[in-house]
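For reference, the structure discussed in these notes is given below.
The values are calculated or read from the model by the stated rules, or taken from the named source; none is laboratory data. Remember, it's a predicted structure, so these values are computed and weren't measured experimentally. Neighbour counts are summed over all protein chains in view; Cβ atoms, including those assigned to glycine, are modelled from backbone coordinates with ideal geometry. Side chains are part of the model used for accessible areas, which takes the heavy atoms of the whole protein and leaves out ligands, DNA and RNA. Shrake-Rupley method; radii C 1.70, N 1.55, O 1.52, S 1.80 Å.
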Amino acid sequence: MSGSVTIAGLGPGAEALVTPEVSAALAEATDVVGYIPYVARVAARPGLTLHPSDNRVELDRSRHALEMASEGRRVVVVSSGDPGVFAMASAVFEAVEAGPDAWRDLDIRVLPGITAMLAAAARAGAPLGHDFCAINLSDNLKPWALIEKRLRLAVEADFAMAFYNPRSKSRPEGFVRTLDILKDACGDARPVIFARAVSTPDEALRVVPLPDCRPEMADMRTVVIVGSATTRVIARDGAPFVYTPRSVAP
Ligand code: SAH
């Protein structure tokens, strides 16, 4: 049997948002590795070994997957959302680049998934309908000063922004600082979408004008989308539509 590593995105949560391609890869896998809550989304069956591991061990997990593939196993590495967005695909390639040459010849594939910002944007309307950027607010793997610089430049360039990992218990200060920077740099009441646990039973969506945003509105299950200066809110009974028009006046 020839081994493989398939790095697959499970989407934001709902079964209906897992692509058929990912379901097929899981059906053929001998081993599934990933962070505990993501591996928990894969149904157990005879012939499949689940290898859940803790957060922050992405490189160890990647090497384990590559070693098993070298032994002929069909390994699926799971991420939530898309595996290329702040997730396992880069970790696997970091391990490949630093590892034995033989790993470069392995059958390695990345299968896309629906990333949190797109699932959240779809719920709200079309806030990412014009130019946008995505920023990971966690400073585990990069200096906070770089996050601040990117935030300020993104405001200056007038991108809509999607924030992943906005606020964890271990670093509550970062999001306080983020909101202060945005309120200072934007100087308007543009809409901010707090989209929590999108497509799961715990889903909750709030649209809040920037000046009214408070840090407690986000947690680690929330993706935050900040409109650009042109983002519009269509008020109606119930949740408003939020969208960013396709054009900007010259
Ligand atoms: N690879 C994932 C992102 C991993 S980083 C993806 O493409 O979506 C983890 C962060 O993603 C969380 O802190 C949160 O900001 C966001 N996230 C993941 N699933 C989410 C969901 N169902 N609803 C809202 N945000 C989510």
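Things worth noting here:
- Of all the options I36, I114, I193, the one that moves most in a Gaussian network model of the chain with Cα springs shorter than 10 angstrom is I36.
- Springs between Cα atoms under 10 Å define the GNM used for the chain, and in it the highest mean-square fluctuation of D188, D180, D237 occurs at D237.
- Apportionment of accessible area to carbon and sulfur, the chain, percent (1.4 Å): 54
- Kirkwood analysis of the chain, using all unique Cα-Cα pairs, places the hydrodynamic radius at 19.3 Å.
- Protein heavy-atom accessible surface, 1.4 Å probe, per residue over the chain: 51 Å².
- Legend: P(r) of region 4-114 from all alpha carbon pair distances, 5 Å bins from 0, whole percents, reading 2, 14, 27, 27, 19, 8, 2, 0.
- Size descriptor, Kirkwood hydrodynamic radius, that averages inverse alpha-carbon separations across region 104-179, Å: 14.4
- E173/R45 FRET efficiency (R0 35 Å; Cβ-Cβ; nearest 0.05): 0.20
- For the pair S2 and D107 in one chain, pulling the backbone fully straight at 0.36 nm per residue adds 37.0 nm over the alpha carbon distance.
- Overall shape: rounded for region 108-250, with the ratio a/c of the largest to smallest alpha carbon gyration tensor axis below 1.5.
- Most mobile of G84, G11, G99 in a GNM of the chain (Cα contacts under 10 Å): G99
- Taken one residue at a time, the phi angles of region 238-250 give Karplus couplings (6.51, -1.76, 1.60, θ = phi - 60°) of x, 5, x, 8, 10, 8, 10, x, 6, 10, 10, 4, x Hz. Gly and Pro are set to x.
- Degrees between helix 88-98 axis and first principal axis of the chain (Cα, 0 to 90, nearest 10): 50
- Mean residue ellipticity at 222 nm, helices only, the chain: -8500 deg cm²/dmol; runs of at least 4 DSSP H residues each add -39,500 (n - 2.57), and the sum is divided by the number of residues.
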